[in-house]
Amino acid sequence: MKSERPHSPSPPLHDIAINKRRLLRDLNAVSRIGIGDHGSVTRLVFSIKELRSRQFLIHQMQEIGLQVHIDRIGNIFGRLDGTNAKSAALLVGSHLDTVVHGGRFDGTLGVIAALEAVRILKEQKIVLLSPVEVVCFVGEESSRFGYSTLGSSLVAGEVQGKDLAHAADAQGIKLEDILASMGIYRNHLPSMRRDPSTIKAYLELHIEQGPILEAKKKPIGIVTSIAAPTRFRVVFTGQANHSGTTPMEMRRDALVAASELIVAVEKICRKYSHMKKGRVVGTVGAMKIEPGIINAIPGKAELSVDVRSITANAKRRVVRLVQARIREIARRRKIRAEILPLREEYPVLLDKRLIRLLQACCKSRSITYEIMPSGAGHDAMQMAKVTPAAMLFIPSRRGISHSPLEWSEPEDICLGAQLLLDSIIRIGNETT
Ligand SMILES: [Zn+2]
């Protein structure tokens with residue numbers, strides 16, 4: 001289509017470098033918010049620590065002179081204008097919330113690297129064609145409510161009122177009630193969506209959270225697709241009773257039923273774990289037992305099930321097998337089983353053209369890269385539904401994340417941020 005004229009000629013890409021010291025300093029500053037034992041970081045969504053980290057970001061954005069916009073849920077957008085006032089904005093970012101006892105880079109890297117990239121543009125007075133917005137999405141992690149990518153899902157218009165019904169934290173606080181306290185009710189959900197015509201593309205830098213890049217000794221991963229989870233809670237209800245007086249054959253033990261299910265999830269997923277297309281992984285990661293005392297037969301056991309795959313069909317088959325097994329266990333043991341759906345997501349493909357563009361960015365700096373899928377979910381998964389989206393990975397030491405042992409080398413962090421800046425400049429200067 002028509003090209004815009006004339007925007008300031010950019011210096012060659014290689015001359016525009018991020019400030020490594022400042023990037024690492026900012027990452028450090030954020031990791032101190034919510035720091036705990038053994039260097040773990042805990043910033044659960046809507047906790048004071050998470051709010052403080054968002055405050056830190058807002059402050060940094062204001063210092064640079066970005067126009068800060070915060071939507072009703074608390075997603076933060078820091079905007080740097082382009083030469084074309086009518087152009088849609090390139091969104092770049094990730095999230096600042098963490099799991100309980102998580103690491104310092106998951107999410108934070110993507111937000112702080114985007115901030116550094118835009119700070120360089122501002123300092124070097126490089127004005128791109130399109131506006132660039134540094135984004136921090138609220139509540140990417142599902143560890144509090146069992147509901148992932150909350151902020152980006154709202155921006156993409158992907159939150160369904162019915163999905164929120166079973167989302168509650170360990171204290172029983174409902175996500176729906178928290179949203180209501182912010183004035184967001186079910187009927188407001190569609191209006192939280194951002195008009196896709198205002199978004200040119202979405203870019204996210206993230207740690208790999210897996211072992212591939214380290215094993216292949218490659219500093220950069222370019223993501224092709226993101227596996228999506230199907231999640232549900234299972235509640236087994238038997239009969240709590242005295243552990244001394246109830247004969248074995250007369251028990252209706254909810255926890256033993258739950259244990260059968262846990263083993264079944266592993267068995268079924270293992271059958272599907274070696275398939276070339278459609279590797280499936282499944283996890284029971286949380287459980288609550290009642291009454292949970294040494295001298296009583298458990299009357300109630302509540303479990304979470306999380307099944308993921310890059311292939312929708314394989315995932316669907318596994319979910320069907322697991323749910324059939326739940327009903328079989330309940331029938332045989334004469335206890336009640338409820339399956340409460342939490343979320344059903346479909347695997348997402350990232351934008352082919354942007355993947356090629358990221359490859360070109362790597363090549364122009366002679367960086368080796370791996371083209372790979374992502375087993376973990378990310379905000380990019382939601383954004384890909386409304387705009388061309390792409391992701392860069394950097395290696396995670398021993399593939400560990402969601403742990404204080406999560407680590408990425410400063411050298412890789414800086415390289416990832418540099419490539420993010422390179423790609424921002426290229427995409428930002430593209431005419432659409
Ligand atoms: Zn993350």
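The values are calculated or read from the model by the stated rules, or taken from the named source; none is laboratory data. Remember, it's a predicted structure, so these values are computed and weren't measured experimentally. Because the Cβ atoms are built from the backbone with ideal geometry, glycine has one as well, and the counts that use them run over all protein chains shown. SASA here: full protein model, heavy atoms, side chains in, ligands and nucleic acids out. Shrake-Rupley method; radii C 1.70, N 1.55, O 1.52, S 1.80 Å.
Structure summary
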| item | result |
| --- | --- |
| Residues being part of a loop (DSSP other than H, G, I, E, B), surrounded by fewer than 20 Cβ atoms within 10 Å (Cβ to Cβ) and under 27 Å from the mean Cα position of the chain (by Cα) - total across the stretch 321-346 | 1 |
| Residue match in the stretch 409-432 (condition: open to solvent by 40 Å² or more (accessible area, probe 1.4 Å) and touching a His at 6+ places or on another chain (Cβ under 7 Å)) | no |
| So residue 243, is it without any contact (Cβ under 8 Å) to a residue 24 or more places away in the chain and surrounded by fewer than 21 Cβ atoms within 10 Å (Cβ to Cβ) | no |
| Among (1) on the phi < 0 side of the Ramachandran plot; (2) more than 25 Å from the chain's Cα centre (by Cα), the one test that residue 292 misses | (1) |
| Search result, residues across the stretch 48-68 that are more than 16 Å from the ligand (Cβ to nearest atom) and in contact (Cβ under 8 Å) with a residue 24 or more places away in the chain | 56, 60, 61, 64, 65, 66 |
| Boolean, residue 45 is β-branched (Val, Ile, Thr), within 20 Å of residue 152 (Cβ to Cβ) and in a loop (DSSP other than H, G, I, E, B) | yes |
| Boolean, residue 110 is within 14 Å of the ligand (Cβ to nearest atom), buried (at least 24 other Cβ atoms within 10 Å of the Cβ), in a loop (DSSP other than H, G, I, E, B) and not acidic (Asp, Glu) | no |
| Residues located in the stretch 134-149, provided they are away from the ligand (no atom under 11 Å from the Cβ) and of a type in the set (A, V, I, L, M, F, W, C) | 134, 135, 136, 138, 145 |
| Residue list for the stretch 88-106, restricted to those being within 13 Å of the ligand (Cβ to nearest atom) and under 20 Å from residue 358 (Cα atoms) | 93, 94 |
| Residue, surrounded by the most Cβ atoms within 10 Å (Cβ to Cβ), within the stretch 209-231, restricted to residues that are within 16 Å of the ligand (Cβ to nearest atom) and closer than 20 Å to residue 424 by Cα | 221 |
| Test set (1) part of a helix (DSSP H, G or I); (2) away from the ligand (no atom under 16 Å from the Cβ) - residue 85 fails condition number | (1) |
| Answer residue from the stretch 356-384, given it is part of a helix (DSSP H, G or I) and small (Gly, Ala, Ser) and is nearest to the ligand (Cβ to nearest atom) among those | 380 |
| Identity of the residue in the stretch 210-253, small (Gly, Ala, Ser), within 24 Å of the chain's Cα centre (by Cα) and part of a loop (DSSP other than H, G, I, E, B), that ends up nearest to residue 384 (Cα to Cα) | 227 |
| Among (1) out of contact with any helix residue (DSSP H, G or I) (no Cβ under 9 Å at 6 or more places or on another chain); (2) of a type outside the set (Lys, Arg); (3) more than 16 Å from the ligand (Cβ to nearest atom) - the single one residue 167 does not satisfy | (1) |
| Selection status of residue 366, open to solvent by 50 Å² or more (accessible area, probe 1.4 Å) and of a type in the set (Ser, Thr, Tyr) | yes |
